[in-house]
Amino acid sequence: MWIILVTLSMGDPFVIPYKTFQHEDECVEYVNSPDNADTLAVEVIAIAGFNDPITGIVCTIKGVDNEIRSSY
């Protein structure tokens with residue numbers, strides 16, 4: 001199962017809740033699609049707020065010790 005991991009410059013990394021994917025391609029497509037930008041922004045702001053800059057949004061496998069397969 002693939003998940004979206006968000007890393008921040010000052011805060012702890014977190015996973016976008018309630019959003020999982022069966023395949024890497026699905027996750028990468030979701031993250032890269034302009035149609036999903038608003039949804040991702042709302043979810044990131046709800047968790048991280050406005051003041052902590054994002055350093056990365058990546059697709060990774062759930063349950064694997066921080067092994068990152070793709071970064072976008």
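The values are calculated or read from the model by the stated rules, or taken from the named source; none is laboratory data. Here the structure is a predicted model, which is why all the values come from computation and not from measurement. Note: ideal-geometry Cβ built from the backbone for every residue, glycine included; neighbour counts use all protein chains shown.
Numbers for the structure displayed
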{"read-out": "Failed criterion for residue 11 (all others in (1) surrounded by 15 or more Cβ atoms within 10 Å (Cβ to Cβ); (2) touching a strand residue (DSSP E or B) at 6+ places or on another chain (Cβ under 8 Å) hold)", "value": "(2)"}
{"read-out": "Criterion: surrounded by fewer than 10 Cβ atoms within 10 Å (Cβ to Cβ) and modelled with pLDDT under 95 - qualifying residue of 65, 35", "value": "65"}
{"read-out": "All positions within region 26-54 that are of a type in the set (S, T, N, Q) and not in a helix (DSSP H, G or I)", "value": "33, 51"}
{"read-out": "Residue within region 12-20 that is among the hydroxyl-bearing types (Ser, Thr, Tyr) and at pLDDT below 95 present", "value": "yes"}
